[in-house]
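Below is one structure; the comments refer to it alone.
The values are calculated or read from the model by the stated rules, or taken from the named source; none is laboratory data. The structure displayed is predicted, hence computed values, not measured ones. A quick note on method: Cβ atoms are made from the backbone with ideal geometry, for glycine too, and the neighbour counts reach across all protein chains shown. Heads up: the accessible areas ignore ligands, DNA and RNA and are worked out on the full protein's heavy atoms, side chains in. Shrake-Rupley method; radii C 1.70, N 1.55, O 1.52, S 1.80 Å.
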Amino acid sequence: MMDNRAQMSAELLLLFGTLIIILMISMVFIAGENELNVAMAAARNGAIEGLAASSSGIYPIDTYRDYSNSKTGLLYPYSVEIINVSYAELGEDMNYDKKWIQFTVYAKTSDRFDNDELVSIGDRINYNLRKSVAISFNTTQATNKLYNPVFSTHYVFTTANVKWV
């Protein structure tokens, strides 16, 4: 009778040990996915912030002076809509030994802008996207003043040019 109880304890220990190992292994995958979810949420938020600041004609003084000379259409409020923010994993970045993620913003506008103006609007959106991701991971000191690239524990983030649809 006593032997059966000891066998049950050993089986329970084996079962709990296996469950703990499975949980520890799955936590590695969950942490990576959580990091991407945080980055994606921050990217969407940053793109919207960049669009709001840009489309309302609010710029730093240096940018305002530059636009006063060459891109006057951007000094007045305009309408741009963000269609989608997506990311692509581009493999391992050998410089930083982290996975490389590139965000792409898809946007549209009903206003008529030339290519230089669209590039400027896209640059402002991408800048704020990267800045938001850097703030989310508290890595603003690890990057340059353009927040390019942005780092997290497992990833390095960059942006592609905004795609106008």
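Quick check, is residue 45 part of a helix (DSSP H, G or I) and either free of Cβ contacts under 8 Å to residues at least 24 places away in the same chain or over 15 Å from residue 120 (Cα atoms) (or both)? Taking the combined requirement at face value, the residue satisfies it. Taking the stretch 149-165 as the range and being outside any loop (DSSP other than H, G, I, E, B), touching a residue at least 24 places away in the same chain (Cβ under 8 Å) and touching a helix residue (DSSP H, G or I) at 6+ places or on another chain (Cβ under 6 Å) as the test, the residues that pass are 151, 157, 159, 164. For the stretch 104-123, the candidate set comprises residues that are assigned to a helix (DSSP H, G or I) and open to solvent by 80 Å² or more (accessible area, probe 1.4 Å); within that set, the residue that is nearest to residue 41 (Cα to Cα) is 123.
Assess whether residue 87 counts as being in contact (Cβ under 8 Å) with a residue 24 or more places away in the chain, closer than 20 Å to residue 49 by Cβ, hydroxyl-bearing (Ser, Thr, Tyr) and open to solvent by 30 Å² or more (accessible area, probe 1.4 Å). The answer is yes for residue 87.
Within the stretch 63-73, one or more residues are touching a helix residue (DSSP H, G or I) at 6+ places or on another chain (Cβ under 6 Å) and of a type in the set (Lys, Arg).
Restricting the stretch 124-138 to residues that are buried (at least 18 other Cβ atoms within 10 Å of the Cβ) and farther than 22 Å from residue 64 by Cβ leaves a set whose member that is nearest to the chain's Cα centre (by Cα) is 133.
If the condition is being closer than 17 Å to residue 38 by Cα and out of contact with any strand residue (DSSP E or B) (no Cβ under 8 Å at 6 or more places or on another chain), then the stretch 110-130 contributes only 128. Tally the residues that are open to solvent by 30 Å² or more (accessible area, probe 1.4 Å) and either closer than 16 Å to residue 133 by Cα or of a type in the set (Phe, Trp, Tyr) (or both), restricting the search to the stretch 60-70. Number of matching residues: 1.
The one condition from (1) hydrophobic (A, V, I, L, M, F, W, C); (2) crowded, with 17+ Cβ neighbours inside 10 Å; (3) not in a strand (DSSP E or B) that residue 146 does not meet is (2).
Pairing each residue of the stretch 116-131 that is under 11 Å from residue 55 (Cα atoms) with any residue that is open to solvent by 30 Å² or more (accessible area, probe 1.4 Å) and among the aliphatic types (A, V, I, L, M), provided the two are 6+ apart or on different chains, yields C-beta distances under 9 Å for 124/53; 125/48; 125/82. Here's a check for you: in the stretch 22-53, which residue that is open to solvent by less than 40 Å² (accessible area, probe 1.4 Å), closer than 18 Å to residue 135 by Cβ and not aliphatic (A, V, I, L, M) is farthest from the chain's Cα centre (by Cα)? Applying the filter and picking the extreme gives 50.
Kindly evaluate residue 6 against the criterion of being more than 23 Å from residue 146 (Cα to Cα), among the aliphatic types (A, V, I, L, M), modelled with pLDDT under 80 and open to solvent by less than 70 Å² (accessible area, probe 1.4 Å). It is true that residue 6 is more than 23 Å from residue 146 (Cα to Cα), among the aliphatic types (A, V, I, L, M), modelled with pLDDT under 80 and open to solvent by less than 70 Å² (accessible area, probe 1.4 Å).
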